[in-house]
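A quick write-up on the structure given underneath.
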């Protein structure tokens, strides 16, 4: 039996806001969360640009034992999940009585690894690393911490798929519920923003060096883009089967109706057109929709020359004259990496529920590929019932999700 899958809860903690209301306002006004960090420049980064995410104060929310187990991105994920639980109308007592799963996207734990190794090198004694270190350094750290804190008893799985991690986490959650394996799953993505998390990307020359105007540095689809701006935070989406949500009287926000995925099967870092196009087509097929049915497309577009161009080609190949409104929220947020696929579902759902499309800020001059897209350069006050969100990652992993409004 196939089950319909709905979204009943959302939470967000990002550089454009620490909750849904703040983020909604930032999206509507096109507010950027990008800064120039002196700490990064002093550390040796070629680019000091980053999305600024304030560390949450968890004292009073969690006891010390729980706090010391959590690296930065687990803290962000915790804050996002608490808000998602509030919007879904569930708490820890509900989890104790019902089997609830957790699938979260994460693909690095740099700071905890580096600081632990530095301590061993200095002291020549592994015992001084501390017992909490092992729970911070593993890719599954977010799952370990959230499943323990909230006493979750369902599927417990970390999904690592580079910058498509958060999107695939929602897609996999959708498949688990659709096939009847779980009634409710907490899905999302988290990304650390510390100085240890991204120097190798900087070394590749992937980052923008437009440091004189930080808020204008991330320029998805713009002809003069020169690279992405790293960012992070945490984003959580709570998925349920329709029957389960209705039985408990939940307020339903939207329905997940399509999931598409593919692998480029080519270069480990260079993007392709074929891979994303196949993901888009698979997603539309899974949803039972035609290209003309999509009202808005939240593009992956990170502001890199090659990546944006290949995605624009793929979008045009699939949509052609049935082009929906397109924007990349990364102009405001920078590239939230492992979190991005989940955060952009939150961003797009907020737009859909509040009847607007956020602008693709800093898009001033199209290139030969982006000129073929219907890019929203300003906030569009418009209703749409269905959107598609793209996420692509290193290694050629692609994910596309289609979400439909619930009224």
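The values are calculated or read from the model by the stated rules, or taken from the named source; none is laboratory data. None of the values given here were measured: they were computed from a predicted structure. Neighbour counts run over all protein chains shown; Cβ positions are idealised from the backbone, glycine included.
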Task: Pick from the range 341-366, criterion assigned to a loop (DSSP other than H, G, I, E, B) and out of contact with any strand residue (DSSP E or B) (no Cβ under 8 Å at 6 or more places or on another chain), ranking: surrounded by the most Cβ atoms within 10 Å (Cβ to Cβ) - done: 361
Task: Residues (within 30 Å of residue 205 (Cα to Cα) and part of a loop (DSSP other than H, G, I, E, B)) located in the range 19-53 - done: 30, 31, 32, 33, 37, 44, 45, 46, 47, 48, 52, 53
Task: strands (runs of 3 or more DSSP E) fully within the range 247-340 counting 3 or more residues that are more than 21 Å from residue 27 (Cβ to Cβ) and in contact with a helix residue (DSSP H, G or I) (Cβ under 9 Å, 6 or more places away or on another chain) - done: 254-263
- [ ] Read through the list (1) farther than 21 Å from residue 10 by Cβ; (2) touching a residue at least 40 places away in the same chain (Cβ under 8 Å); (3) touching a strand residue (DSSP E or B) at 6+ places or on another chain (Cβ under 8 Å), then give the number of the only condition that residue 312 fails.
- [x] (3)
TODO: Please give the number of the condition residue 154 fails out of (1) touching a helix residue (DSSP H, G or I) at 6+ places or on another chain (Cβ under 6 Å); (2) surrounded by fewer than 21 Cβ atoms within 10 Å (Cβ to Cβ); (3) not in a helix (DSSP H, G or I).
DONE: (1)
- [ ] Within the range 102-121, identify whether any single residue is within 26 Å of residue 155 (Cα to Cα), assigned by TED's automatic domain parsing to the domain that holds residue 164, touching a helix residue (DSSP H, G or I) at 6+ places or on another chain (Cβ under 8 Å) and free of Cβ contacts under 8 Å to residues at least 12 places away in the same chain, and answer yes or no.
- [x] no
Open item on the list: Quick check on my filter: what residues within the range 55-70 are in contact with a strand residue (DSSP E or B) (Cβ under 9 Å, 6 or more places away or on another chain) and either part of a loop (DSSP other than H, G, I, E, B) or closer than 27 Å to residue 218 by Cα (or both)?
Closed with: 56, 70
- [ ] Determine which single condition residue 99 fails, assuming it passes every other condition in (1) out of contact with any strand residue (DSSP E or B) (no Cβ under 9 Å at 6 or more places or on another chain); (2) touching a residue at least 24 places away in the same chain (Cβ under 8 Å); (3) exposed (fewer than 14 other Cβ atoms within 10 Å of the Cβ).
- [x] (1)
